[in-house]
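The block underneath contains the structure these notes are about, expressed in structure tokens.
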Amino acid sequence: MSNAERVEGADASGGDIFAKMKGRFVLHPAARLFDGAGEVAVVPQDRGAVLPDRPGGTALISALGRGCGFRIGGAGEPAAEGFETLTSGSSGQPRRIWRSVESWTASFAVNARLFGIGPGLPVAVLGRLSHSLSLYGAFEGLSLGATLHLMDGLRSDRQRHEMAARKVALVYATPAQLRLLVEAGGPVLHDLRFVLVGGSKLDGPLRAALTNIAPRASVREFYGAAEASFITLAGPETPEDSVGSAYPGVEIAVRDAGGEGLPEGALGMIWVRSPYLFRAYAGADAGSARWDRGWLTVGEMGHLSGGQLYLAGRAGRMVTVADQNVFPEEIEAFLAGLPGVRRVAVVPVADGLRGQVLVAVCQGDAAQEGAILRAVRGELGPLKAPKALIWRQDWPELASGKTDLVAISRGLSWR
């Protein structure tokens, strides 16, 4: 069978494809592909191992043409076996993630059951295919026979218009992409049934706004990492501060610095074991994830309680202030829910007296600064509360839609 051929005889879930074609991505016979200009002929062609992410339709059918041994974006030749994606690069250069095809197709089958993804379902992907969430959603849709709509390159108002016109029922997006969709204005998305969110946690105001623009949609948030794929899944019944319970097939453990398991409620390093884990880092960057007898950690800290996972933050972002460990993510989550704050990043800056202090770089309404500072000091106390708010109306972003923390921190001072 040539790379350009579709696999016939697959059932509605695509299960036969996964059984017959291990080690390669394949196209469900019912799949259709659209971009901003209209339908794209899905005739997979091998155009090389390293593919530009724009135009997205060309990138996707080129990746399908190879089936394996490719990467969209980045530099350096990928391995011939499996495929590569890129990390978001929020704290530095994106890392190359080497995966087996099966590490994604295993969760395709799970999501087909959870969300009804199958032949004819209109699925939208908002971001660039160099971002692993977007690429995952695209491959999942085409593997399961969905009608896939690539909306990268369209303005947010146009994305919203096209989602309504094309009766999109399921969308993969980051909070940053969804915020732009909300703020763009436009038609109510009455046909949208599932909003699948990855990259970071939704804040309360954005979640409420999504209810207004997509009143019939169920919002489901995935917590994971480029190295681990899905770890937890959160839905309507998930406690507000939690990132959800274990995604099907995932085991979660919390351990201390010595690798010993911790009791429920104790803060420690999060370890996972599942069929969805990556193989290794590619390229020169050794990466930050660690393995231990089939278990993986990406350096995230948190605790388990009642089957729910609660995050504290990345060990790599943890800051010591007055001899106490503080996680910027906790402060960001609180600030993001306050009136006047549209985007926020909490970062350390040098201080001659204390060594370092935290400041909050914000986008939004600077007139609310007094109320914001009072609220954060009252909620988090003087140690965790930022010493200052620094306002900027431009906001540096990565291709994934995440905040570029390196750019935010560059040249920053608080006095």
Between the alpha carbon centres of region 208-223 and region 378-415 the gap in Å comes to 27
With the 8 Å Cα cutoff and a minimum separation of six or more residues, region 175-297 has a relative contact order in percent of 17
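Can you check what the net charge comes to around ARG377, using other residues whose Cβ is under 15 Å from the Cβ of ARG377 (Lys, Arg +1; Asp, Glu -1)?
Values: positive: ARG374, LYS384, LYS387; negative: GLU330, GLU369, GLU379.
Charge balance in the 15 Å sphere: 0.
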Expected unfolding gain across GLN363-ALA208 under the 0.36 nm per residue rule, minus the alpha-carbon gap, is 53.8 nm
Placing each pseudo-label 7 Å from Cα in the direction of the beta carbon, GLU240 and GLU330 end up separated by a distance in nanometres of 1.7
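Over region 76-202, what is the relative contact order in whole percent, taking alpha-carbon pairs under 8 Å and six or more residues apart? Intermediate values should be presented prior to the final figure.
Details: 197 pairs, mean separation 26.8, N = 127.
Value for region 76-202: 21 percent.
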Please work out which option in (i) 72, 57, 41; (ii) 68, 51, 41; (iii) 56, 53, 32 gives Cα extents along the principal axes in Å calculated from these coordinates, and answer with its label.
-> (ii)
What whole number of Å gives the distance from the Cα centroid of region 95-126 to the Cα centroid of region 267-320?
-> 22
What is region 318-409's relative contact order, in percent, from Cα pairs under 8 angstrom and six or more apart in sequence?
-> 25
Volume per residue of the C-alpha convex hull in region 139-285, rounded to whole Å³ = 155
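To the nearest 20 debye, what charge dipole does region 318-409 have about its Cα centre, counting +1 at the Cβ of each Lys and Arg and -1 at the Cβ of each Asp and Glu? Can you show the working numbers first?
Details: 9 positive and 11 negative charges, 35 e Å.
For region 318-409, the charge dipole is close to 160 debye.
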Positive-end residue, region 184-328 charge dipole about Cα centroid, Cβ charges, pick of PRO328, ALA228, PRO215 = PRO215
Taking the dipole of the chain about the Cα centre (Lys, Arg +1; Asp, Glu -1; charges at Cβ), the one of LEU150, VAL254, SER107 that reaches farthest to the positive side is LEU150
Which aspartates and glutamates have a Cα less than 17 Å from the Cα of LYS201, not counting those fewer than 8 places away in the same chain?
-> GLU221, GLU237, GLU240, ASP241, GLU300, GLU329, GLU330, GLU332, GLU397, ASP404
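Starting with the highest mean, order 377-383, 218-224, 148-154 by the number of other Cβ atoms within 10 Å, averaged over the residues of each peptide. Write out the running numbers ahead of the final one.
Numbers: 377-383: 11.3, 218-224: 20.6, 148-154: 23.0.
Answer by packing, highest mean first, reads 148-154, 218-224, 377-383.
Arranged by the count of other C-beta atoms within 10 angstrom, fewest first, what order do ARG166, ARG95 take?
Values: ARG166 15, ARG95 23.
By the 10 Å Cβ count, ascending: ARG166, ARG95.
Coordinate-derived values only; no laboratory data. These numbers were taken from a predicted model, which means no experiment stands behind them. Because the Cβ atoms are built from the backbone with ideal geometry, glycine has one as well, and the counts that use them run over all protein chains shown.
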